[in-house]
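Below: the structure, in structure tokens.
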Amino acid sequence: METKMLDVHVPLPLAERLDALAFALGLPRDEIIAEAITTWIDQEEHRRLVALRTIAAANTMVVVEHHRVIDWADSL
């Protein structure tokens, strides 16, 4: 798979945590970062899809006029 080099500035404490985790797991940092980015993007795409589906469902809802609801409630 082709790759692209990305430059990113992260807070030093986060970089230190990444280094510690990479060392503990015996994994390269780029592998951990790629997995984290993949997970984040998957979550954001899912959230966006859920939001779009919710909007679509709201747009197809049948609206009942207020006076009809009152009439129905009065008939109970």
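Details
- Answer residue from the range 1-21, given it is under 25 Å from the mean Cα position of the chain (by Cα) and not in a loop (DSSP other than H, G, I, E, B) and is surrounded by the most Cβ atoms within 10 Å (Cβ to Cβ) among those: L18
- Scanning the range 26-66 for residues that are outside any loop (DSSP other than H, G, I, E, B) and open to solvent by 100 Å² or more (accessible area, probe 1.4 Å) turns up R29, D30, E35, W40, E45, H46, R47, R48, R53, N59, H66.
Okay, residues lined up against (1) out of contact with any strand residue (DSSP E or B) (no Cβ under 7 Å at 6 or more places or on another chain); (2) of a type in the set (S, T, N, Q); (3) modelled with pLDDT of 90 or more:
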| residue | (1), (2), (3) |
| --- | --- |
| E31 | yes, no, yes |
| E35 | yes, no, yes |
| T38 | yes, yes, yes |
| A56 | yes, no, no |
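- Check on V69, without any contact (Cβ under 8 Å) to a residue 12 or more places away in the chain and in a helix (DSSP H, G or I): yes
- Residue within the range 47-65 that is under 25 Å from the mean Cα position of the chain (by Cα) and of a type in the set (D, E) present: no
The values are calculated or read from the model by the stated rules, or taken from the named source; none is laboratory data. All values reported here derive from a predicted model rather than from experimental measurement. When we count neighbours, we look across all protein chains shown, and the Cβ atoms used for this are built from the backbone with ideal geometry, even at glycine. The area values use the complete protein model at the heavy-atom level, side chains included, leaving out ligands, DNA and RNA. Shrake-Rupley method; radii C 1.70, N 1.55, O 1.52, S 1.80 Å.
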